[in-house]
Structure formats: structure tokens, C-alpha cells
1. How many residues does the stretch 645-665 contain that are part of a strand (DSSP E or B), open to solvent by 30 Å² or more (accessible area, probe 1.4 Å) and within 23 Å of residue 594 (Cβ to Cβ)?
2. Can you tell me which residue within the stretch 223-240, out of those that are more than 14 Å from residue 284 (Cα to Cα) and out of contact with any helix residue (DSSP H, G or I) (no Cβ under 7 Å at 6 or more places or on another chain), is modelled with the lowest pLDDT?
3. Say whether the condition of being open to solvent by less than 30 Å² (accessible area, probe 1.4 Å), in contact with an Asp or Glu (Cβ under 6 Å, 6 or more places away or on another chain), more than 30 Å from residue 434 (Cβ to Cβ) and modelled with pLDDT of 80 or more is met by at least one residue in the stretch 392-413.
4. Looking at residue 689 and the list (1) open to solvent by 30 Å² or more (accessible area, probe 1.4 Å); (2) at pLDDT below 80; (3) of a type in the set (A, V, I, L, M), which single condition is not satisfied?
5. Quick one: in the stretch 155-184, of everything that is under 36 Å from the mean Cα position of the chain (by Cα) and touching a residue at least 40 places away in the same chain (Cβ under 8 Å), which residue is farthest from residue 194 (Cα to Cα)?
6. Could you tell me whether residue 554 is of a type in the set (Asp, Glu) and either closer than 30 Å to residue 162 by Cβ or modelled with pLDDT of 85 or more (or both)?
7. Within the bounds of the stretch 158-166, is there any residue that is more than 30 Å from residue 269 (Cα to Cα), open to solvent by 70 Å² or more (accessible area, probe 1.4 Å), out of contact with any strand residue (DSSP E or B) (no Cβ under 7 Å at 6 or more places or on another chain) and at pLDDT 80 or above?
8. Can you tell me which residues in the stretch 234-270 are of a type outside the set (Val, Ile, Thr) and more than 25 Å from residue 332 (Cβ to Cβ)?
Amino acid sequence: MDDLLQEFIAETRETLEALTGEIVAWEASPDDRARLDAIFRFVHTVKGSCGFLDLPRLARLSHAAEDVLAAVRSGERVPDRALVNAVLAVVDRIGELVEAIDAGNSLDDTEEDLLIAALAQGTEEVAAAPAPGASRAPARSVRVNVDLLDRMMSGMSDMVLARNELSRRLRSVEIDPQVEAALERVSATVADLRETVTRTRMQKIDALFSALPRMVRDTAAGLGKSVVLDIEGADVELDREMIEVLRDPLVHIIRNSIDHGIEHPAERRMLGKRENGALTVSARQSGNQIVVEVRDDGRGIDTQKLVDKLVEGGRDARELKSLSERARLDLVFEPGLSSKDEVSEISGRGVGMDVVRAAIEQIGGRVELHNQPGRGLHILIQVPLTLSIIPTIVVAAGGQRFAVPRQAIEEIVSETSDAIRIERIGTAEMAAVRDRRLPLVTLSRQLHMAGEAMSGGMLAIVNVGDGSYALRVEDVLDNEELVIKPAAPAIMATGLYAGQTLPDSGLPMLLLDCAGIARDAGLQFSRSHMADADEDAAVSLDDAVKALVFVDLDGVRRAVPLALVDRIEQVDGERIRHTAGQLRLTIDGRFVPIVASGAIDHAASCSVLRLKDGGQEIAYAIGEAADIVALPDELFPAATPGIVAGAMLIDGEPVELLDPLYLFAMQAQAPVAGEARPLCLLDGDQAWLRHFVQPMLESAGYRVATSLGAGERADLILSLDGAAAALPVSDAPTVRLTSDRQGGGDAIYRYDRDQLMRALAGAARGRM
């Protein structure tokens with residue numbers, strides 16, 4: 001039977017047992033408003049539940065009783081004996097129907113019209129002859145106070161810790177086999193009790209999702225929109241208290257998605273979208289956490305609008321405009337901020353995502369936003385399962401102890417094993433574990449712990465669902481079943497931890513969030529073939545010239561010498577733009593020239609190679625990295641010069657090799673830092689020269705000044721309309737510009753760029 005219906009039956013039974021006595025007491029004291037209100041609330045609750053669960057007969061009876069009780073509350077009816085008998089008869093009939101539903105039996109409905117008529121008329125005769133009561137099914141559930149469940153869980157946790165300590169102490173001494181067998185039986189019993197007690201607080205998340213279809217329908221209709229809701233993972237179980245805490249934040253997020261995100265049908269048609277907006281709500285378990293995701297295909301978040309709203313509220317415009325796109329997106333959590341221009345019943349009052357985040361962080365969870373302007377918003381809510389007990393592996397890093405969920409670990413190997421080889425790609429490390437090549441994350445370095453991580457430790461091969469990586473730790477200490485509780489909000493907000501625990505040693509310990517560590521390290525697992533390298537191809541890597549093979553944006557497999565690769569990293573596509581006539585990447589507070597052999601999706605993240613030749617740096621946008629290989633001896637040269645030097649056969653497949661010389665040459669616009677550059681002294685219309693001429697000269701490699709410092713001398717002078725006469729006497733060659741389109745003498749028209757650059761180059765060569 002459906003869980004919601006079963007819960008309705010259990011709650012209705014419990015209330016009915018006490019309600020008949022309350023009705024009789026109310027008859028004796030009709031002025032007792034509190035009793036009348038309690039009876040009214042019961043029939044009102046039954047009516048609402050019946051409408052939701054599609055129980056029309058119960059709904060009809062409870063609705064009639066509610067109308068009569070409402071009339072009594074308003075003073076229109078007097079609770080005489082006839083009315084009380086009629087109410088009692090209806091309550092009895094509700095109980096009979098509930099038992100029939102539970103047993104799967106059917107009841108004749110001929111007498112229900114008489115019961116409703118008795119309520120309306122107050123006729124004692126009709127109400128005095130109710131149908132015989134249906135036999136009640138044996139009770140299969142009992143309602144328990146949540147505080148009592150908490151005490152049971154706390155006691156169970158203490159029992160597990162005591163069992164752990166006893167087991168640890170007995171392992172250090174020689175014990176009688178019978179004692180060891182008794183300990184095993186105790187351990188099995190504790191494990192069974194632990195599972196049972198934990199399950200008492202668990203409930204399917206469908207209890208949270210079940211009300212969403214109606215809410216989405218009503219909200220969309222009120223806004224003149226059409227939204228199709230898709231719910232996934234309703235069978236996932238979560239602590240009942242967590243479900244209650246999540247209820248309001250989830251409703252707020254979904255209403256925001258419909259109001260702010262999903263466009264009106266007419267606007268969606270203009271944008272080439274379907275008229276019906278798509279909204280997906282899903283839940284899944286990830287280790288010791290539940291992940292609830294809300295996706296829509298609307299307009300996403302306009303981060304510039306958020307900035308404008310805060311500027312209007314008095315925030316510093318310069319500070320806000322200098323923020324990265326990720327930091328701008330986080331502005332949605334600013335207290336009192338609303339991107340809505342008008343106030344409605346749904347939004348615009350400035351009570352928003354800050355309240356949502358505060359509620360979720362209070363239970364040790366966190367909220368993440370992934371924005372795709374014009375395509376929608378993806379919100380992830382991560383919360384702990386419950387106060388639970390899970391098997392863990394205890395590891396050491398940076399002089400501290402950490403717990404790792406045992407289910408996330410595939411295997412643990414020693415870094416010194418012959419089957420392990422550590423490789424580097426620029427600043428990144430890879431671990432070749434037998435026939436697999438995995439990204440390597442050093443735990444102490446990732447947690448910014450003091451001291452340099454030493455090699456020669458242990459590698460835990462961690463699986464995070466989409467892929468695996470190697471986690472380097474100093475040592476593996478123990479395996480324990482630990483009681484996990486949410487850590488402080490500031491700790492959980494880092495995304496690196498899934499909770500805290502107190503092992504039998506008495507020293508507090510943090511539980512690592514393996515997926516969070518992978519995200520913090522920038523690992524991407526969309527390329528499954530990267531972990532399945534061919535061992536034969538790697539045999540000669542130690543002695544041959546290495547290259548990184550990747551799939552380019554145009555789908556072609558290419559390679560670049562590994563010595564040039566400083567790092568591979570993910571960047572937002574919108575940070576790659578055509579600026580000043582060249583494709584540039586904005587990163588680390590500066591411009592880096594970037595080369596792309598295909599279209600870049602500016603609305604999504606992009607993988608880039610950071611290439612360095614010792615002086616210059618350029619970036620190269622790629623689709624995905626594939627492998628590290630040894631370059632073959634035979635190269636088939638390209639027919640014409642370009643970014644591709646030639647083609648090779650690697651594992652029987654053609655791979656194009658990039659030409660580093662061509663790549664760096666085509667991006668070189670200015671001399672390398674430290675190289676002598678001619679100094680050009682400007683004189684004349686200062687504003688025009690600074691805004692029109694100076695950028696052109698600097699991009700061509702000249703140093704530009706409007707006056708000379710002590711000990712400086714100009715290599716050439718650029719004069720506008722004869723102003724050079726005002727400069728100090730100098731033997732530097734002078735190039736004169738004129739506003740006259742026809743020029744004159746040796747003067748050059750001020751907008752003749754080609755002639756100007758040739759004249760400057762000739763003057764600089766003659767001087768130097």
C-alpha cells in the first residue's frame with residue numbers, strides 16, 4: 001500500500017480513538033471552544049487528506065461534518081443531542097471506511113446519504129442506527145516521539161563506540177576463542193540493532209516531493225506559464241527531520257524557478273524553445289549525503305542585473321564589477337536582494353536565497369548554483385543523511401587523522417609498489433596503477449596543511465560515481481564503524497567534509513567528502529577512456545619524448561609535446577573573448593592569447609592547455625585530454641606551414657602533432673619581457689596621441705612616454721602638427737604627423753597607419 005495512505009490510516013486511527021470521548025465531553029460542555037476547535041481540525045484534516053489521496057466517500061462525509069461544525073463555531077447551530085449523535089455517527093462511519101480501506105474490503109454506501117441528512121437536520125433517529133462497525137485490522141505501527149528516537153540513536157551510538165573500543169583492546173592481547181566468538185555475536189547484534197534504529201527515523205523523500213506537482217501547477221497557472229514537472233528518485237530515504245527542514249527551502253527554490261527562470265510561452269517561442277517549460281526535481285544518495293537537484297530550462301540568472309541591483313542599494317560599483325562570474329553568481333545569496341522589479345505573491349520582497357542557504361547550512365548542508373544564461377539554472381542541495389553510523393577507513397595526512405567512507409574506496413596500494421608509477425603533466429600529477437591512469441590528489445596539499453607532502457605514502461583509489469582518482473595519504477591507520485554527525489556550518493560550507501565523528505580514541509575527526517575533494521581539485525570525469533590506457537603504449541614512456549594526446553574542439557585527435565604543457569585547467573567559456581582583434585583568455589587578472597581550432601561554447605566550461613616556452617605563455621582550447629604517449633620516430637610533415645607540424649600513427653590511429661614554433665610565433669606581438677624596446681616620445685595633442693596612437697605603438701613593441709625622466713633618452717620622437725619645436729633639443733629622429741589629408745613635405749597623415757609604422761621602424765633602426 002502507498003506509504004502516504006498508510007500514514008493517513010495510522011494517524012486517523014489514533015485520532016479516532018480519542019475523538020469520540022472528546023465529542024461526548026463537548027456535548028456536556030457546549031461552551032468549550034477548545035474541544036470544538038479540536039474536533040473541527042480533525043474533520044478538516046481528514047477532508048484535505050481525502051482530496052489529496054482521492055478518497056471521495058470519506059471526503060464527502062468529512063466535508064458535511066466540517067460544514068455543521070463551522071456553523072456551530074459561528075453560532076448558527078446549537079450543539080444539541082441530535083446534532084452530537086449525527087456527528088458521532090459520521091465519525092464512526094469514517095472509522096469503518098478507514099478500516100475497510102486498510103483491509104481492502106468494500107462497504108455499501110447507501111446509509112451515507114442518511115448520515116449527511118442527519119447532520120443537516122439534526123434528526124436523532126437517523127443517527128441512532130449506524131451501520132455495524134467493521135472489524136479492525138491488527139495495528140502494524142505505533143507513533144513514537146522524535147525525542148525518544150533521538151535518545152535511542154544516541155544510546156546506539158554509544159554502544160557502537162563501546163564495541164569498537166572493546167574490539168580494539170582485545171586485538172592487542174591474546175584472548176580465549178570463546179570470548180572472541182562472544183564478541184562476534186555481540187558485534188552482529190549491535191550491527192542489526194544499529195540498522196533497525198537508524199531505519200526508524202528514515203522516510204522516503206516522496207513525502208517531500210508528493211506535494212510538488214500541485215504546487216507547480218498552481219504557481220505556473222497563476223503566472224500564465226506552462227511547466228512540465230519531472231520527479232526522479234522519490235524512493236530515496238532521508239531522515240524525517242531533514243525532510244521537514246528541506247520542505248520550505250525546496251518550495252522557495254521551485255517557485256523561484258517558475259517565476260524568475262522559466263519564460264512565458266510567447267517569449268519561449270521567440271527564443272526557439274518549447275512553450276512548456278521543463279522543471280526537473282531529483283534526489284540521489286552520494287555516500288553519507290543526499291543530493292537534491294532542481295533544474296529548469298529557463299533564462300538562468302542575469303548576474304549583471306544582480307550587480308546593478310546591489311549598486312542601486314549602495315554597494316561599491318567598482319568592487320562588484322571586478323568580481324569573477326562565479327562570485328557574481330553567489331551574489332544571489334545576498335540578504336535582501338531580489339532581481340524582481342515588481343512585488344508579487346511569489347517573489348520580489350527580498351526574502352530569498354539567503355534564507356534558503358541559512359536553513360540548509362544549519363543542518364550541515366550546502367547549496368551550489370550552476371548557471372547557463374539563456375539555457376537554465378541547475379541547483380544542487382547537499383545534506384547529510386542523518387545522525388548515522390557508517391563503516392570508514394581512518395587515514396593520516398599532515399599529522400591529522402581523517403575518516404573516508406569505506407564504500408567510496410576501491411582499493412588501497414602503497415606508492416612504493418612496483419605496480420605504481422607517478423607521472424607529471426606540468427604541475428598536475430597522475431598515478432599509473434597497473435592498467436589504469438588516474439588523477440592524483442595529495443590530501444595534505446589539497447587541505448592546505450602545513451608541511452610539504454612526502455612521496456612514498458599510501459594511495460587510496462577513490463570512486464566518486466562518475467570516475468575514480470588516487471588520493472595520496474601518509475598512512476592508513478584503521479577501519480572503524482563511526483557515528484557521523486553534521487559538522488559546523490563553516491566547515492561543511494568548504495565542500496570538503498561530509499561530517500564529524502568521535503572515535504573510541506576520544507579525539508574528534510572529520511569525515512572526508514570524496515566527491516567534494518575531487519571538485520575542489522578541479523577533476524573532470526567525463527572522459528572515461530582517459531582511465532583505460534593501454535599498458536603497452538606506456539612501456540617506453542620513461543625513455544621517449546612524451547606528448548599529451550587530446551581531442552580538439554573540431555573532433556580531431558592532436559598531440560602537443562608534454563614539456564610545453566604547464567597545466568590543464570577548466571575555465572568558464574565566457575572568459576574567452578575576441579578582444580582588440582585577437583582571441584584572448586582572461587585569467588589570473590591578465591590577458592593570455594588563446595588558440596582554438598573549433599567553436600567555443602561561451603555558456604559552458606572549457607578545458608585549456610596552458611603552454612609555456614620559458615618566456616611567453618599561450619593557451620590552447622581543447623575538447624578533452626586523452627592520454628600521455630611516447631612520440632613515434634616517424635612524422636609525416638604537413639603540406640603547408642601552420643599550427644599542425646605533421647601527422648603520426650599512435651596505436652594505429654592518425655594523430656596530428658601541433659607545431660609549437662608556429663603557435664608561439666603567431667601569438668608573439670610584443671618583445672619578451674626584458675628585451676630592449678625603443679622609446680618613442682610623444683608631443684602634440686596629448687589626448688589624441690594617448691588614446692589613438694599609444695595603444696598601437698605599445699602593441700607593436702614600443703615603449704611610449706610624453707616626457708623624459710632623469711637619464712632617459714628618446715630613440716625617436718613622434719610629433720603632431722609641428723609641435724616638436726616645443727621639445728628640448730634632441731638628436732633623436734623625428735616622425736611628423738599632420739592633420740592635412742594631403743600630407744606635406746616629410747609629414748605623414750595622422751590616420752595613415754601603414755606609412756606611420758614603416759616610418760617609425762625605419763627611424764628606430766637608424767637610431768639603434
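The values are calculated or read from the model by the stated rules, or taken from the named source; none is laboratory data. Just so it is clear, the model here is predicted, and its values are computed rather than measured. No Cβ is skipped: glycine too gets one built from the backbone with ideal geometry, and neighbour counts run over all protein chains shown. Just the protein is used for accessible areas: all its heavy atoms, side chains included, with ligands, DNA and RNA removed. Shrake-Rupley method; radii C 1.70, N 1.55, O 1.52, S 1.80 Å.
1. Going through the stretch 645-665 one residue at a time, the tally reaches 2.
2. Taking the stretch 223-240 and keeping what is more than 14 Å from residue 284 (Cα to Cα), we get 223-230, 240.
Retained after the next criterion (residues that are out of contact with any helix residue (DSSP H, G or I) (no Cβ under 7 Å at 6 or more places or on another chain)): 224, 228, 230, 240.
Details: 224: 90, 228: 91, 230: 90, 240: 76.
Only one residue fits best here, namely 240.
3. No, that holds for no residue.
4. The number of the failed condition is (1).
5. Per the stated criteria, the residue is 164.
6. Spelling it out, residue 554 is indeed of a type in the set (Asp, Glu) and either closer than 30 Å to residue 162 by Cβ or modelled with pLDDT of 85 or more (or both).
7. Yes, that holds for at least one residue.
8. Of everything in the stretch 234-270, those that are of a type outside the set (Val, Ile, Thr) and more than 25 Å from residue 332 (Cβ to Cβ) turn out to be 234, 235, 237, 238, 239, 240, 241, 265, 266, 269, 270.
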